[in-house]
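Visitor: Structure incoming, see below.
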Amino acid sequence: MQVSANRAFSLLKELAFERVSCSEAEKKAAQRLLEEAEKSGVSVKIEEFPVACGKVNKVKLVVTAPYQKEYEVTGYERAISTPDGGLDGKFYYAENLLPVHMENAKGKIVMINGRLRRADYEKLQKAGAAAIITYSGSTIDRIGESDCDIRKLREPLTNDFGDAVALNIRAADAAEIVRRGATDMHIELESECYEGISQNVCAVIEGKKYPDQVISFGAHYDSVYFSTGVYDNMSGSVIIMELLKYFAAHRPDRTMKFNWYGSEEQGLLGSKAWVAAHEEELDQHVLMINIDVAAATLGQNAAPVLATEKVVGYVDALMKEAGIACDVRLDIYSSDCIPFADHGIPAINLCRFGAPGANYIHDRRDHLKSAYIDAKSLDITLQQALYLAKRVDSAASFPIQKEISPDIKNKVDDYLFKTKKDK
Ligand SMILES: [Zn+2]
């Protein structure tokens, strides 16, 4: 059994549908990955975990003065509902939340630029904003060719800074609202919270020589709303499936675990749940290899390493030896490698990023019809992963020290919002 990029790409095509956290579609994709892994005769199972979910039943945004117009809007999942009859208030555009903006935000319906980051949320809550509006996309997006993004007020925000009313609109509408000088708004939001179930697909091949040393392969298989996530990240999911097929047929020296993570797009929930559920075995883990985005036709290879400069040098040398051009660097990467590095496990990400103009992510353009990914390009990361996996697995003495540099540790802590006082 050899790896096959064409076989991997066929599976990718089969799973090229929206797979949002806790949806039936996410479950269906997990089931299909499980069946595919079972074909190799390895031990594989689904591990479920709970996710704080929200559902928006009704949402409305109307500018009431100095002109009247209703805009298409989505409510943040897990935001709180407006009072009966909705909320009428003054509109204020707080751009980037500088002190002057904060002075003026109290009691207003406040719109900010772009995403609602945790630091922005903290400022808005402390300033006493009545409601929050964000926007998504770009001002040239047109209805029918783009979507009004659906977002969620995640727990790292609400747990520390309380609940809020939050809405999202299109960038083009945000610009119109500001241009036309909106002063007053009426908004309505009816939402409910519930606990959803997401799942990881977990396979194991026991090592024949060093069964107590574990190499963990990871890829998330969920997608965001409106996206079929073929690039992000069915590409990585099918690559680790090929590695599983290969190592099921060529038994490794070290134990290999293959995890397809659910709900990564909601804040790495699958890998966080997996690490929490397997805490007692983490001291056996010697390396995590994560693949998140591949197959870009016009693209470039990168390998962010969450370990030390020594590991960067080692991976860089291996890539040169294999003749694979790859930018190997010491850095964090926003993906399932984070919870592993947080537990002191060195992690290597293999990515093939789309080049400018051929890189569609987190929207409806991450789709096969965008013609920006292909099997031949998927083979680049597949071969890279296979080479790296074979070399580390067959080493007489494991070549990667179990160490995370202080700089990476700090970046991981910042990423996970671990404040100085909990360190
Ligand atoms: Zn991803």
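The values are calculated or read from the model by the stated rules, or taken from the named source; none is laboratory data. Predicted, not measured: the structure shown is a model, and the values here were computed from it. Note that each Cβ is placed from the backbone with ideal geometry, even for glycine, and that neighbours are counted across all protein chains shown.
Visitor: For the subset of the range 239-267 comprising residues that are farther than 17 Å from Ile46 by Cα and aliphatic (A, V, I, L, M), which member is farthest from the ligand (Cβ to nearest atom)?
Guide: Ala249
Yes or no, residue by residue, for (1) closer than 30 Å to Val238 by Cα; (2) part of a helix (DSSP H, G or I):
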site	(1), (2)
Asp120	no, yes
Thr139	no, no
Asp163	no, no
Gly181	no, no
Ile187	no, no
Tyr194	no, no
Ser198	yes, no
Lys208	yes, no
Gly218	yes, no
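Visitor: Given the structure, is Ser81 surrounded by fewer than 20 Cβ atoms within 10 Å (Cβ to Cβ), touching an Asp or Glu at 6+ places or on another chain (Cβ under 9 Å) and in the same structural domain as Ser138 (by TED's automatic domain parsing)? It would help to see each step written out before you state the result.
Guide: Working: surrounded by fewer than 20 Cβ atoms within 10 Å (Cβ to Cβ): yes; touching an Asp or Glu at 6+ places or on another chain (Cβ under 9 Å): yes; in the same structural domain as Ser138 (by TED's automatic domain parsing): yes.
So Ser81 passes the test.
Visitor: Determine which single condition Gln31 fails, assuming it passes every other condition in (1) closer than 30 Å to Leu244 by Cα; (2) in contact (Cβ under 8 Å) with a residue 40 or more places away in the chain; (3) in contact with a strand residue (DSSP E or B) (Cβ under 9 Å, 6 or more places away or on another chain).
Guide: For Gln31, the exception is condition (2).
Visitor: Criterion first (of a type in the set (Phe, Trp, Tyr) and in a loop (DSSP other than H, G, I, E, B)) does Phe91 satisfy it?
Guide: no
Visitor: Being part of a loop (DSSP other than H, G, I, E, B) and either surrounded by fewer than 18 Cβ atoms within 10 Å (Cβ to Cβ) or touching a Phe, Trp or Tyr at 6+ places or on another chain (Cβ under 9 Å) (or both) is the requirement here; does Ala325 meet it?
Guide: On the way: part of a loop (DSSP other than H, G, I, E, B): yes; either surrounded by fewer than 18 Cβ atoms within 10 Å (Cβ to Cβ) or touching a Phe, Trp or Tyr at 6+ places or on another chain (Cβ under 9 Å) (or both): yes.
Yes: the conditions hold for Ala325.
Visitor: If you don't mind, there's one more thing I want to ask. Spot the failing condition for Val286; the list is (1) more than 16 Å from the ligand (Cβ to nearest atom); (2) assigned to a helix (DSSP H, G or I); (3) within 20 Å of Cys202 (Cα to Cα); (4) in contact (Cβ under 8 Å) with a residue 24 or more places away in the chain, and only one is missed.
Guide: Among (1) more than 16 Å from the ligand (Cβ to nearest atom); (2) assigned to a helix (DSSP H, G or I); (3) within 20 Å of Cys202 (Cα to Cα); (4) in contact (Cβ under 8 Å) with a residue 24 or more places away in the chain, the lone unmet condition for Val286 is (2).
Visitor: Okay, moving on. Do we find a residue being away from the ligand (no atom under 16 Å from the Cβ), farther than 20 Å from Lys272 by Cα and in the same structural domain as Gln266 (by TED's automatic domain parsing) anywhere in the range 217-238? Don't jump to the end; show me each part of the working.
Guide: Here is the first cut: in the range 217-238, the ones away from the ligand (no atom under 16 Å from the Cβ) are none.
Checked against the condition, which is being away from the ligand (no atom under 16 Å from the Cβ), farther than 20 Å from Lys272 by Cα and in the same structural domain as Gln266 (by TED's automatic domain parsing), the range 217-238 yields no hits at all.
Visitor: Scan the range 262-275 and report the pairs whose first residue is closer than 15 Å to Ala219 by Cβ and charged (D, E, K, R) and whose second residue is at pLDDT 95 or above and more than 12 Å from the ligand (Cβ to nearest atom), with Cβ atoms within less than 8 Å and a gap of 6+ or a chain change.
Guide: Listed pairs, sorted by first residue: Glu265/Val20; Glu265/Ser21.
Visitor: Here is a check on your reading of the model: is Phe49 over 23 Å from Ala129 (Cα atoms) and assigned to a helix (DSSP H, G or I)? It would help to see each step written out before you state the result.
Guide: Details: over 23 Å from Ala129 (Cα atoms): yes; assigned to a helix (DSSP H, G or I): no.
Against the criterion (over 23 Å from Ala129 (Cα atoms) and assigned to a helix (DSSP H, G or I)), Phe49 does not qualify.
Visitor: May I pose another question? Looking only at the range 220-249, how many residues end up being in contact with a strand residue (DSSP E or B) (Cβ under 9 Å, 6 or more places away or on another chain) and not in a loop (DSSP other than H, G, I, E, B)?
Guide: 17
Visitor: Within the range 56-91, which residues are among the small types (Gly, Ala, Ser) and under 18 Å from Arg154 (Cα atoms)? Explain how you work it out, then say what you get.
Guide: Looking only at the range 56-91, we keep the residues that are among the small types (Gly, Ala, Ser), and these are 65, 75, 79, 81, 85-86, 89.
Selection gives Gly75, Ala79, Ser81.
Visitor: Oh, and also: Tell me, please, whether a residue that is assigned to a helix (DSSP H, G or I) and either at pLDDT 95 or above or closer than 20 Å to Ala16 by Cβ (or both) can be found in the range 346-363.
Guide: Looking only at the range 346-363, we keep the residues that are assigned to a helix (DSSP H, G or I), and these are none.
No: the range 346-363 contains no residue that is assigned to a helix (DSSP H, G or I) and either at pLDDT 95 or above or closer than 20 Å to Ala16 by Cβ (or both).
Visitor: Identify all residues within the range 206-234 that are acidic (Asp, Glu) and surrounded by fewer than 24 Cβ atoms within 10 Å (Cβ to Cβ); write none if there are none. Walk me through how you get there before you give the answer.
Guide: Start the filter on the range 206-234 by keeping residues that are acidic (Asp, Glu), which leaves 206, 212, 222, 232.
Residues satisfying the conditions are Glu206, Asp212.
Visitor: Please go through the range 323-347 and pick out each residue that is among the β-branched types (Val, Ile, Thr) and away from the ligand (no atom under 16 Å from the Cβ).
Guide: Within the range 323-347, the first condition is being among the β-branched types (Val, Ile, Thr), and the residues that meet it are 324, 328, 332, 338, 345.
Listed by number, the residues that qualify are Ile324, Val328, Ile345.
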